[in-house]
Amino acid sequence: MNRYDQFFINGQWVDSKKNFASIDPSTEIEIAQIASATAADVELAVQAARQAFDSGIWSDLSGQKRADYLHAIANEIRENIELLSRLEVQDNGKPYAEAEWDINDAADCFDFYANLAKNLDHNTEQVIPLPDARFSSVARKEPVGVACAIIPWNYPLLMAAWKVAPALAAGCTLILKPAEATSLTAIELGRIAEKVQLPAGVLNILTGIGSDIGPMLTEHPMIDKIAFTGSVPVGKHIMQSAAYQVKNISLELGGKSSFIVFEDSDIEAAVEWIMFGIFWNQGQVCSATSRVLIHADLYEPLLNRLKTEAQKIKIGNGFETEVKLGPLINQKQYQHVCTTIQNGINDGIRLVSGGKRPPHLATGYYIEPTIFADVPEDHPLWNEEIFGPVVSIRSFQTEAEAISSANNSIFGLAAAVMSQNSERCNRVARALRAGIVWINCSQPTFCQAPWGGYKQSGIGRELGEWGLDNYLEVKQITTYNSSEPWGWYLK
Ligand code: NAD
């Protein structure tokens, strides 16, 4: 059994002075003691990343050489897919098949940014045409510096990959701070970095309690960039603390994304994608299409089909075959989701299905797939991110009404639209105020395409070439080439 009570700092394993427990959400039993960083550990990690950046051991390498390391990390992730998937199931609770999917995606993400790193060698400098022939100018891309990646627990290794891969590709050094609920695969990433002999200090893994060490990281003067994925309240804190040094920040925050289903939709496809949009990963998905607008003509038949299929989902420990819904991440999240459901019931909202702990599961943070219908637009079930397997549904009559209802939100991460009329789908997709819009599906995500939100869902974009730009500064270098004097003061 690997140890998890150490930090990976400056290419070495450093013993912790204190630890915290990691709990398996399906059994509620402790599975590991995790190193809990103190101020001294934060300082050590930041100094290591700073020194590695300032020495140029990473940023001065060619893009091709950095790409070789990133491909090697991708290969190691694939080599260890079984271990990593098992750890993800134990730590997070998700079904094994979903964990395996995530780990493959994480490996693909490292390969994708490896290829962009190679291109950086050729595309680093762009000649800027100027209107004055005496001058020439180039725009250059350079790494931002020392980055700190703070990530959530819903896709532990994948969220790490979304930040670590582009940051390393760009030439940044970094500190990765995983969520306290799911530190295991992040620590394994440290072991992989060690195995591929990533230069010391380039990637440092600091586990710990976010409210303790988070502010130390976000306010640290030696960190140039904060890349955060997590909740809106913590994102707001980070924005405030990063303001002290006007740090470069990118924020991927929460959502309450709408799925509009028109009357001409295939009912079976609608059932499949609505369920995938909210029950995958127990609904703990920032982009979950957790509120659904169904055209009045299809409303009751679709609700009935959804109810039937939702009740067939096998709930249980992620290691059991055919399980498609595991436990929620922890007691706190379980309580939050149970309270939200109970408040909906108390307010008289129509409960179509679910709403309680599955009778056959006495331990673990399990909740049945839950469907509410006729949810008023001003109810918290419609407006607030629940982050659980709970979908809120209402009907609509016109396209304009559906768009207006979908856009009526403080969030703008994602949205989905379904219809057999592609012209209508494309029109609606362009009218939705969200960073990601799916047509005739919900959730499929590709590391080539940009990811991020409008409004309070965040700032900046991850993935694709946009994800690389997150970790690059742009510098202009302008040269006066003429032998003629400038002639302003000296005539
Ligand atoms: P969270 O905000 O509680 O925690 C996220 C991370 O921030 C953790 O590593 C935590 O330790 C750390 N943290 C906590 N307090 C901090 C502080 N004061 N300073 C710095 N760091 C601090 O979020 P969570 O509960 O882990 O994840 C769920 C949330 O993440 C949901 O709101 C979800 O929508 C969002 N999310 C968004 C995306 C996206 O791409 N937009 C993806 C996944 C999750």
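The values are calculated or read from the model by the stated rules, or taken from the named source; none is laboratory data. Predicted model, so just to flag it, every value in this text is computed and none were measured. Don't worry about glycine lacking a Cβ; one is built from the backbone with ideal geometry, like all the others, and counts go over all protein chains shown. The protein model used for the area step is the full one, side chains on, heavy atoms only, and it has no ligands, DNA or RNA in it. Shrake-Rupley method; radii C 1.70, N 1.55, O 1.52, S 1.80 Å.
Here are the numbers:
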item: Nearest-ten-degree value, helix 232-242 long axis tilted from longest Cα axis of the chain; result: 20 degrees
item: Chain lengthening between residue 276 and residue 122 when straightened (0.36 nm per residue, less Cα-Cα); result: 51.4 nm
item: Note, ³J(HN,Hα) from phi for the range 391-407, Karplus 6.51, -1.76, 1.60, rounded to Hz, x at Gly and Pro; result: 10, 10, 10, 8, 9, 9, 10, 10, 4, 4, 5, 5, 5, 5, 5, 5, 7
item: Apportionment of accessible area to carbon and sulfur, the chain, percent (1.4 Å); result: 52 percent
item: Sum of side-chain charges, residue 37 neighbourhood, beta-carbon under 13 Å (Lys, Arg +1; Asp, Glu -1); result: -3
item: Ellipsoid semi-axes in whole angstrom, largest first, where each is sqrt(5λ) of the Cα gyration tensor of the range 258-439; result: 27, 17, 15
item: Relative packing of peptides 33-41, 141-149 - highest average C-beta neighbours within 10 Å first; result: 141-149, 33-41
item: Contour excess over end-to-end distance, with Cα ends at residue 361 and residue 378 and 0.36 nm allotted per residue; result: 2.8 nm
item: Equivalent-ellipsoid semi-axes of the range 363-428, from the Cα gyration tensor, Å, largest first; result: 26, 14, 12
item: Highest to lowest packing among 298-307, 351-360, scored as the average C-beta count within 10 Å; result: 298-307, 351-360
item: Cα centroid separation - the range 44-98 against the range 426-486, whole Å; result: 24 Å
item: Inter-probe distance in nm under a simple model that places probes 7 Å from Cα toward Cβ, at residue 479 and residue 400; result: 5.9 nm
item: Zone of residue 209's modelled label, taken as backbone nitrogen in the range 316-347 under 16 Å from a point 7 Å along Cα→Cβ; result: 332
item: Summed side-chain charge close to residue 159 - residues other than residue 159 whose Cβ falls under 12 Å, Lys, Arg +1, Asp, Glu -1; result: -3
item: For residue 6, distant residues with modelled amide H under 5 Å away; result: 35
item: Radius of gyration, Dmax [the range 1-143; alpha carbons; angstrom]; result: 21.0, 72
item: Residues residue 321 and residue 297, FRET efficiency given R0 of 56 Å [Cβ-Cβ distance, rounded to 0.05]; result: 0.90
item: Ellipticity estimate at 222 nm from DSSP helix runs (n ≥ 4, -39,500 (n - 2.57)) divided over the chain, nearest 500; result: -12500 deg cm²/dmol
item: Quotient of C-alpha Rg and 2.2 N^0.38 Å, computed over the chain; result: 1.04
item: Packing-based ranking, highest mean first, of 167-178, 58-69, 85-96 given that Cβ atoms within 10 Å are counted; result: 167-178, 85-96, 58-69
item: Cβ-Cβ FRET estimate between residue 135 and residue 433, R0 fixed at 41 Å, reported to 0.05; result: 0.50
item: For the chain: accessible area per residue (Å², 1.4 Å); result: 41 Å²
